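Since the structure comes first, as structure tokens, the remarks are kept for the end.
Where a number appears in this text, it was derived from the coordinates with a stated rule and is not lab data. Keep in mind that what you see is a predicted model, and the values were worked out from it rather than measured. Here the Cβ is made from the backbone with ideal geometry for all residues, glycine too, and neighbour counts use every protein chain on show.
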Amino acid sequence: MSGRRYSRGMRAIAWAMALLLAGCATVDEKYFLDTNSKANVYVAPGMQQIAKIAIMPFKAPNELLGGSVSDIFVTELLRTHKYTVLERSRMAQVLNESELALAGISASKATEVGAMMGADAVVLGTVDEYAKVKHGWHEDAFVGMSARLIDCKSGQVVWSVDLAKRADDKNTTLAEHTRLVAHEMVAALFRTWRDMR
């Protein structure tokens, strides 16, 4: 009798844990699927075996902006649960040992450093636009950026995404709008990955 209660209790706990985990996955999926995006996306067919990635600071008008934008992009990518992301401080350590600067290194050198760290691929990005632009009697935030994932072994582009967008609300700050653009970029990637399953 006590064995039967124990197994029922364990089944109830297992069922509750499964529901909790399923609920967590659904929240993230809804987070991306509820977003309309006009991002331009390319995903290479048959390149889905990438598990561990490194993300370089994005090229931007200044190093601080590039680091901040790549951090925002990392947060969005982490919410997809698709990749394990290596910590940037480890990249900086490897680059310091190689006497290279983290910002502005070439794609081939970035994949070399990524491979030394054990990454399957490296994300490289660029912030092309980051400004307030005049629109009628006011100024709106305008952000344009691109990102691509490059396989460390083959040097091939696994995926690429870009988006340039003006904020809909004149009160939106550049930082808020950057988060929105990064979210739309990753949402477009997420939809494409889902459709390719």
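Sorting 80, 173 by the number of Cβ atoms found within 10 Å of their own Cβ, with the fewest placed first, yields 173, 80. For the range 131-171, the list of trypsin sites (Lys or Arg not before Pro) that fall in a loop by DSSP and count at most 15 other C-beta atoms within 10 angstrom reads 153, 170. Within straight-line reach of residue 132, meaning a Cα separation under 17 Å, sit the following aspartates and glutamates at least 8 residues removed in sequence or on another chain: 140, 168, 169, 176.
By the count of other C-beta atoms within 10 Å, a proxy for reagent exposure, 76, 29 are ordered fewest to most as 29, 76.
For 159, 137, 193, which order do you get if you count the other beta carbons within 10 Å of each Cβ and list the fewest first? Walk me through the intermediate numbers first.
Values: 159 19, 137 6, 193 16.
By the 10 Å Cβ count, ascending: 137, 193, 159.
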